[in-house]
Structure formats: structure tokens, C-alpha cells
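Notes follow once the structure below has been shown.
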Amino acid sequence: MLRPDTFALTALLAVLTAIGPLSVDLYLPSLPEIGRVLGAGTADVQLTISSYLIGFAAGQIVYGPVSDLYGRRKVLLAALVVFCLATLACAFAPTIETLIAARTVQALGSSGAVVLARAVVRDLYSGARAGRELSLMGMIMGIAPVLAPSIGSLLQTAFGWRSCFLFVFAAGVAAFYVVWRLLPETLRHKADDGFAWSDLLRAYGVVARHRAFLAYLALVSTSFAGLFAFISGSPFVLQEFLGLTPIEFGIAFAIASAGYVIGTMLASQFVMRAGIDRTIGLGALALCAGGLAAVATAALVPASAAGFVLPMTLYMMGLGLAMPQALAGALHPFPRNAGTASSLVGFVQQTIAALAGAVVGHLLATDAWPLVAIMALGGCLTLAIWVATRGVRAAASAKTS
């Protein structure tokens, strides 16, 4: 079994967290092809992303509280089984409607991996140390969106879109095996009275009334919305509007995603010296600057792929700086209900991201304006919320220190 404060455990938790991004990013180069093969329009194809986010949000409502009662390991293994079976259904989906439904179930499984990986971090660490752990996980996890579109574009070119889901299925099976063999149970205080819906609602009530939690939740959600605007719209903007091939799209997406890895690397070093709040603030500045730069380039050089990708790289760097720290801040007040807090963060975060992705999918026509507008809104709101809620977060930090 893996021990705390080891790179091996951090890597395993990062891989579990990466299952969600891998399930989305790997098949992005195939979205136009899926539409052609299954006879679906852009909005319907985009629903394979939005339905995934909806399922991802819904699944997180239950996993956290149930794992607070019964432990992380068993619940995580069950979630991975659901994920693997649904991924196979995606690979052999005969219609766009079947694919949308299978993606929803796939997300119900992958959401458990993300929620429980975060809960394990809170079981073992707290404060800036938890923020550093989440940043290290983000740095490793960030390899997935860097490599996944490139791998997906190669699979798409060589074997077609279904091979992308078979690749993800293999990754899910490998994750199940490693968790089964190596992940210890980290929950120290299990409840003895079993599960009840009233307990679930009461636990969520305790978390949702915490003002600092709500502040961190807002920071996570607004910054993440800009990311999923990019994920939902970039395959069509870069391939159909700007003429990139699937392989060129994979390279462009990897460049943007590298910004997230750089941000998490900086955060893992900066947070232990400067603290969570300043690290979030630096990230919020980068998020705002990246979003506004995307608007400027859309207005001035609308036909430039570089002008589209480089602002997103800056936005992603800000996300890597800010989001892991905001997650750590949100979970910190709840050592006994870390699963519940993680679930609520994930539910709200993914719901807002799904709405942002759906808006982009329905408004995209011939240019990138719907995408860059939501990016800029997400970045500016993140900075505004960070400024407006500093007093609330500082008071909560003083109370729990």
C-alpha cells in the first residue's frame, strides 16, 4: 500500500483526477468527424460534452457523503467500474443520442474518481500543505490535456473516433487495478449509523452555510467556466473556422494546456512561501489578462490561430495557479466532511461549466466571439470575487489556524 507524503501516492491521485480531463480532451479532435459519421449538427455533438459535465456534476452529489460514511477506497472502486462499462458503451454507440446518454453515465463514474482523490488529500493534509499537494497533482494531471488531444488526433487519423474511447477504457481498467492493489483507506473517522438522506441533506447544509467556502466555490466555478468554454468551442473554431487539421489542433491544444502545467509548477513553489490567498490572487490576474487578451485578438486578428491559442495559454496558467489553492481553501474547514465539501464544489463547478459549454455550442456560428466572451467574463469575475471576498476568507483562515 502507498504511504502519505510519497510521490507515488501523489501520482496515483493525480492520475485519478486526470480521468475526467482525459475523457473530454482525448476525443476533442474527433468532434467534427463524430458529427459527420453520426449525422449530427454542431450543437448536438457539443451535447456529448455538456451531457458529460451534467453527469459529472450529478455524480459528485452522492460520492462524497457516501465516502464520508463508508470510506474512500470501496466507493472509488465502484465508481471506476461504472466508468469503464460506460466508456465501452461510448465506443460502440450507433447514434448521437446513444453517445450522449453513454457520456452521461461515463461521467457518473469518473466524477467519483475526482471527488475521492480530493477527499483523500484532505484526509491526509491541510492548509497550504494541501494546496501544495493539489498543485503537484495538478502538475502531473496537466500532462493529460497536453498529451490527450495529440494522442486523440493520431487515433482519429489512423483508426477513427471510436478508438479514442477504447483508449480511455484501457486507462480506466489500469486505474482500477492500481487502486485495488495499492490505495489504502485514508478516512480515519467512519460513521457507524449508516446512510440516510436526512444525513446527506444536513451535511450539505453545514457546508453550504460556510461563508468562506462559498467564496472559494465562486473562485473555482468562474475560473473553470472559461476553461470549458475553450474546450467546447476550440475544436470547431480551430478546425472548421481557422482550417487546422486534427493533428495541428492537437498541437495547438497542447500548447494552451501547457500553461496549466506551468501554473501548477509555479503554485507548488509559491504557495508555501506566500500562502494560499496571494497565490490565488496572482492566478486571478493571469485569468483576467488572458480573457481580455482573447477578446482583443478576436477583434484585431480574428483569422490568427496563434492569436487564439496564446491568450488561452495565459488563462490556463492562471487556472493552474488559482484553482488548486481555491479547492484547498474550500475543503480546509471540513476535516470530517471533506467528501461532502468536495462533492458540492464539484457539483457547482461542473454545472456552471456545462452551462458555459452549452452556450458556446449554441452560439458558435462563424467566429470565436461566443467563446472568448465567456473566457473574458470568467477571468474578470474571478479577479473581482478574489478582491471582494478577501475579508471573509481571511477571517475564516484566522479562526481555523
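The values are calculated or read from the model by the stated rules, or taken from the named source; none is laboratory data. Just so it is clear, the model here is predicted, and its values are computed rather than measured. Quick reminder, even Gly has a Cβ in these numbers, built from the backbone with ideal geometry, and neighbours come from all protein chains shown.
So that you can scan it fast, the table gives a plain yes or no per residue for (1) modelled with pLDDT of 85 or more; (2) within 21 Å of residue 175 (Cβ to Cβ); (3) not in a helix (DSSP H, G or I):
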site	(1), (2), (3)
2	no, yes, yes
5	no, no, yes
15	no, yes, no
22	yes, yes, no
33	yes, no, no
40	yes, no, yes
43	no, no, no
48	yes, no, no
52	yes, yes, no
Output the residue which, of all residues in region 5-58 that are among the β-branched types (Val, Ile, Thr) and touching a Leu at 6+ places or on another chain (Cβ under 7 Å), is nearest to residue 99 (Cα to Cα).
-> 48
For region 30-73 the number of residues that are closer than 21 Å to residue 341 by Cα, in contact with a Phe, Trp or Tyr (Cβ under 6 Å, 6 or more places away or on another chain) and surrounded by fewer than 24 Cβ atoms within 10 Å (Cβ to Cβ) is 3
Would you mind finding the one in 163, 198 that is farther than 30 Å from residue 394 by Cα and modelled with pLDDT under 85?
-> 198
Can you run down the residue pairs with Cβ atoms below 9 Å, 6 or more apart or on separate chains, where the first is in region 119-136 and over 12 Å from residue 324 (Cα atoms) and the partner is among the acidic types (Asp, Glu) and part of a helix (DSSP H, G or I)?
-> 119/68; 124/133; 125/133
Residue pairs within 9 Å by beta carbon, gap of at least six or interchain, first lying in region 274-287 and closer than 15 Å to residue 319 by Cβ, second charged (D, E, K, R) and part of a helix (DSSP H, G or I), listed first then second, are 280/393; 281/390
Please work out if residue 109 is within 25 Å of residue 249 (Cα to Cα), among the small types (Gly, Ala, Ser) and surrounded by 20 or more Cβ atoms within 10 Å (Cβ to Cβ).
-> no
Checked against (1) part of a helix (DSSP H, G or I); (2) at pLDDT 85 or above, residue 302 satisfies every condition except (1)
Of all residues in region 94-105, how many are farther than 16 Å from residue 172 by Cα and buried (at least 24 other Cβ atoms within 10 Å of the Cβ)?
-> 1
Does region 74-93 include one or more residues that are assigned to a helix (DSSP H, G or I), of a type in the set (Phe, Trp, Tyr), modelled with pLDDT under 85 and surrounded by 22 or more Cβ atoms within 10 Å (Cβ to Cβ)?
-> no
